[in-house]
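The values are calculated or read from the model by the stated rules, or taken from the named source; none is laboratory data. Since the model is a prediction, treat every value here as computed from it, not as a measurement. Please note: Cβ atoms are built from the backbone with ideal geometry, for glycine as well, and neighbour counts cover all protein chains shown. Note: accessible area is taken over every heavy atom of the protein model, side chains too, but ligands, DNA and RNA are not part of it. Shrake-Rupley method; radii C 1.70, N 1.55, O 1.52, S 1.80 Å.
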Amino acid sequence: MPQPKMAKVLQTGRNANTPGRFTRLGHTVQDSLAYRSRTPTEKALLIELIRFDKGDNNGELYLSEDDAAARIGIASRKAIRSAFSGLVDAGLIVMTKGAHFNVKTGDGRARTWALTWLFDYHNRRPPNNAWRDYTPSGKEAKRAAKAMEAVKRYQRSK
């Protein structure tokens with residue numbers, strides 16, 4: 001198997017041939033109870049929403065339920081609706097505009113979303129970081145406890 005080509009480093013310290021855009025999800029968010037208590041579907045949906053962030057359009061991240069289901073590979077609209085709801089409840093995303101569809105013209109617009117740990121350009125608001133105050137209960141608390149224990153085991157092993 002051929003080794004990947006090493007990137008040439010410029011005088012500025014940046015790589016000359018960068019691999020392209022990347023998904024921005026900091027460890028602080030990933031290590032939170034809000035994130036660790038989410039289902040795999042909710043985490044996949046969150047990654048898809050983050051992919052729309054260009055650095056200056058948070059609050060205007062358009063993603064419909066149908067498109068989200070197709071991108072994740074889920075046939076159930078109920079599961080996607082539940083995933084959106086779970087991310088909102090955990091404070092990881094917030095809806096900035098509701099969906100709209102005009103039957104007469106056939107024009108429609110998907111809901112728009114903001115990631116709560118980033119500046120909301122749509123509303124010109126700083127991050128609300130609602131995810132920091134989230135406390136899971138029931139199954140979510142068990143899922144979060146297992147995940148947090150696994151993270152701690154890894155950190156202790158370093």
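Remarks
- Leading residue by the ranking (nearest to residue 135 (Cα to Cα)) among those in the range 44-60 that are touching a Phe, Trp or Tyr at 6+ places or on another chain (Cβ under 9 Å) and either in contact (Cβ under 8 Å) with a residue 60 or more places away in the chain or buried (at least 18 other Cβ atoms within 10 Å of the Cβ) (or both): 46
- Residue, least open to solvent (accessible area, probe 1.4 Å), within the range 61-79, restricted to residues that are without any contact (Cβ under 8 Å) to a residue 40 or more places away in the chain and within 14 Å of the chain's Cα centre (by Cα): 68
- Within the range 136-148, the only residue that satisfies the criterion of being open to solvent by 100 Å² or more (accessible area, probe 1.4 Å) and closer than 21 Å to residue 25 by Cβ is 146.
- Taken together, the residues in the range 42-97 that are part of a loop (DSSP other than H, G, I, E, B) and of a type in the set (Gly, Ala, Ser) amount to 8.
- Some residue of the range 18-33 being touching a strand residue (DSSP E or B) at 6+ places or on another chain (Cβ under 8 Å), at pLDDT 95 or above, surrounded by 10 or more Cβ atoms within 10 Å (Cβ to Cβ) and not in a loop (DSSP other than H, G, I, E, B): no
- Checking the stated criteria, residue 82 turns out not to satisfy the condition of being among the hydroxyl-bearing types (Ser, Thr, Tyr) and closer than 17 Å to residue 32 by Cα.
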